[in-house]
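This report concerns only the one structure given below.
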Amino acid sequence: MFMKVYPDINNNGVLTSFEISNSLAGPRMLAQLIEKQLGGEIFDRRKWFSDNEVHFRFLFLGKEFAVWEPYGDNSRYTICPADESDIDSNIIEKVQEGFKKFQPGILGMITGVLQI
């Protein structure tokens, strides 16, 4: 099963961010995907029991992104540029494609969802 991606397109038709279901992957699995498959660099990880909605930030092709869970209790994670004024849809699309191709195994799904 491939990961379902929900693109966020603005009124000008520009990809500004995307969402993924959190039922197949937890923050740890997402961080591993970003590091190992995309070559991104993870930093600023959320501390346990923190009320911060951002699970972590990462660098990809010189751009800073955030992986956050709206309201801290949502069915999806949002992957977006950390600076909303610095949107490069080409780079966002490359990140999105990496998520679309990701196919967690059964063990990965179990361990990815059961951790924070």
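The values are calculated or read from the model by the stated rules, or taken from the named source; none is laboratory data. Predicted model, so just to flag it, every value in this text is computed and none were measured. Quick reminder, even Gly has a Cβ in these numbers, built from the backbone with ideal geometry, and neighbours come from all protein chains shown.
A compact table of results
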{"item": "Unique residue being of a type in the set (Phe, Trp, Tyr), touching a helix residue (DSSP H, G or I) at 6+ places or on another chain (Cβ under 6 Å) and modelled with pLDDT under 90 when the list is Phe102, Phe58", "result": "Phe102"}
{"item": "Residue that is surrounded by the most Cβ atoms within 10 Å (Cβ to Cβ), among those in the stretch 24-39 that are of a type in the set (Gly, Ala, Ser) and either touching a His at 6+ places or on another chain (Cβ under 9 Å) or modelled with pLDDT under 90 (or both)", "result": "Ala25"}
{"item": "Residues located in the stretch 8-23, provided they are outside any loop (DSSP other than H, G, I, E, B) and loosely packed, with under 13 Cβ neighbours inside 10 Å", "result": "Ile9"}
{"item": "Single residue of Ile79, Ile42, Ile110, Ile92 found to be modelled with pLDDT of 90 or more, in a helix (DSSP H, G or I) and of a type in the set (Val, Ile, Thr)", "result": "Ile92"}
